[in-house]
1. What are the residues in segment 60-82 that are open to solvent by 30 Å² or more (accessible area, probe 1.4 Å) and modelled with pLDDT of 95 or more, if any?
2. Can you name the residue in segment 108-122 that is in contact (Cβ under 8 Å) with a residue 24 or more places away in the chain and in a helix (DSSP H, G or I) and is also least open to solvent (accessible area, probe 1.4 Å) among such residues?
3. Of everything in segment 108-138, what is on the phi > 0 side of the Ramachandran plot, more than 14 Å from the ligand (Cβ to nearest atom) and at pLDDT 95 or above? Give them in sequence order.
4. Just to check your reading of the model, which residue among Leu328, Leu332 is assigned to a helix (DSSP H, G or I) and more than 25 Å from Ala93 (Cα to Cα)?
5. Answer yes or no: is there a residue in segment 297-320 that is more than 21 Å from the chain's Cα centre (by Cα) and on the phi > 0 side of the Ramachandran plot.
6. Within the bounds of segment 242-254, is there any residue that is more than 24 Å from Gln23 (Cβ to Cβ), of a type in the set (D, E, K, R) and more than 9 Å from the ligand (Cβ to nearest atom)?
7. Would you confirm, using the coordinates I've provided, whether Ile259 is at pLDDT 90 or above, over 25 Å from Pro88 (Cα atoms) and surrounded by 15 or more Cβ atoms within 10 Å (Cβ to Cβ)?
8. Which one is farthest from the ligand (Cβ to nearest atom), of the residues in segment 89-107 that are part of a helix (DSSP H, G or I) and among the hydrophobic types (A, V, I, L, M, F, W, C)?
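The values are calculated or read from the model by the stated rules, or taken from the named source; none is laboratory data. As the structure is a computational prediction, the values presented were derived from the model and not from experiment. All Cβ positions, even for glycine, are placed from backbone atoms using ideal geometry, and neighbour counts span all protein chains on display. Surface accessibility is based on the protein's heavy atoms, side chains included, excluding ligands, DNA and RNA. Shrake-Rupley method; radii C 1.70, N 1.55, O 1.52, S 1.80 Å.
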Amino acid sequence: MKCRKIHIIGGGVSGLALGIKLQQIGVDSLISEAGTYPRHRVCGEFLSGKGIQLLHLLGLYDPFMTEGAVLAHTIKCYTSESESPILPLNEPALCLSRYSMDEIMASRYRALGGELKLKQRCPMRLHTRETGTVFATGRLPNLKRETALLGYKWHVENLTLEADLEMHFTPLGYVGLCRVEHNKVNICGLTKVKGTSMNIKKEWRHFLNQNLHHRRREAVMNSEIVTTSVCFTSGLSYPITTPRIADGAIQIGDLGACIPPLTGNGMSMAMESAMMSAQILKSYHEGSTNWQNAVFTIQRQSQKHFRRRLICANPMHHLLMSSRLHGLRRWLVEHLPYYHQPLFSLTR
Ligand SMILES: Cc1cc2nc3c(=O)[nH]c(=O)nc-3n(C[C@H](O)[C@H](O)[C@H](O)COP(=O)(O)OP(=O)(O)OC[C@H]3O[C@@H](n4cnc5c(N)ncnc54)[C@H](O)[C@@H]3O)c2cc1C
């Protein structure tokens, strides 16, 4: 029996989930990661949908809870002058900082015998026939500056939330607040690029003032920012046009299928795509399928599996990001009880 090692480029949620799964089913793997752990990343840190069940299969649920992950059960939405009631989520979401999450996943991968090389930025040869290589390098940037969005994240202390997840919508974008470990609150959002990230860094209180419901401003302004957690990412756009992968590269996570952050489902999709790929990669590893078949099968399964979620989430994102549709945004927030549960299901 031929045994071929799998090389995973990128050690974020999808790359680490794939590495862990491969090690669990006896497939040798190597992960090359450009950065190190632990580190803060721009993310709402709100894991919802199928991803939570996958945590059990990957042996991550208990370590996440031990680290202090918080289960979120309720949501409340706001525009600057309207608000929804507090509503139950269809199923609980798990909130844990990426600072802790990625490090726990990396430790689990290593404990299962996986090889992890840090500070290794690999070339992105997406169109070569590099057999045995899986790209898990995250979303591709939008290079059109006029349509690109800015993502930001930081933690604050001493803030009480009105629901486990607060979502605030403005003509500039949206911002979500949820509690993570050690009683901190994650503040994460997307905004149309106005000024530079440096402005938001310096004037974050003023920036939030413009992006929150008036009744919530004071509490957030009085919270204490954890300065080491502040991070930004630019060049975001949704939908992302997925590059062709038929020429031989397997792409998982955001690189394969990227959903707008509004849904809080990106990390789940990253894990799901990893789990879907693992069994096919095992067949390749054992020599019972060739690389081209593996690429083709993973691509087809992924398109089918995520289609509905992307079809629902992308127009919703545009509707909520539109500067002109403020009245509609307000109406959507006020009528949330009538549609939030079906919408939640359709985007998961
Ligand atoms: C503003 C914002 C808020 C979000 N909020 C949420 C949320 O609340 N809930 C949710 O589920 N999802 C959320 N997401 C989406 C979520 O962060 C992603 O879906 C998820 O991180 C995708 O995982 P990934 O493994 O594909 O990519 P990543 O987690 O980004 O990992 C990619 C990894 O590849 C590495 N890398 C890149 N290039 C190379 C290279 N050439 N060589 C080696 N390594 C490389 C990077 O260093 C990185 O570690 C949010 C996204 C944004 C932008």
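1. Tyr61, Asp62, Pro63, Met65, Thr66, Glu67, Val70, Leu71, His73, Thr74
2. Of the residues in segment 108-122, the ones in contact (Cβ under 8 Å) with a residue 24 or more places away in the chain are 108-109, 112-122.
Next cut, in a helix (DSSP H, G or I) only: 108-109.
Values: Arg108: 67, Tyr109: 0 Å².
Among those that are in contact (Cβ under 8 Å) with a residue 24 or more places away in the chain and in a helix (DSSP H, G or I), it is Tyr109.
3. So the first thing to find is which residues in segment 108-138 are on the phi > 0 side of the Ramachandran plot, and the list is 113, 119, 132, 138.
If we keep only those that are more than 14 Å from the ligand (Cβ to nearest atom) too, we end up with 113, 132.
Correct list: Gly113 only.
4. Values: Leu332 fails: more than 25 Å from Ala93 (Cα to Cα).
Residue meeting the stated conditions: Leu328.
5. Among the residues of segment 297-320, not one is more than 21 Å from the chain's Cα centre (by Cα) and on the phi > 0 side of the Ramachandran plot, which makes the answer no.
6. Looking for residues that are more than 24 Å from Gln23 (Cβ to Cβ), of a type in the set (D, E, K, R) and more than 9 Å from the ligand (Cβ to nearest atom), one finds at least one in segment 242-254, hence yes.
7. Judged against the criteria, Ile259 is not a match.
8. Of all residues in segment 89-107, those part of a helix (DSSP H, G or I) come to 98-107.
If we keep only those that are among the hydrophobic types (A, V, I, L, M, F, W, C) too, we end up with 101, 104-106.
Working: Met101: 10, Ile104: 14, Met105: 10, Ala106: 10 Å.
Once the filter is applied, the top-ranked residue is Ile104.
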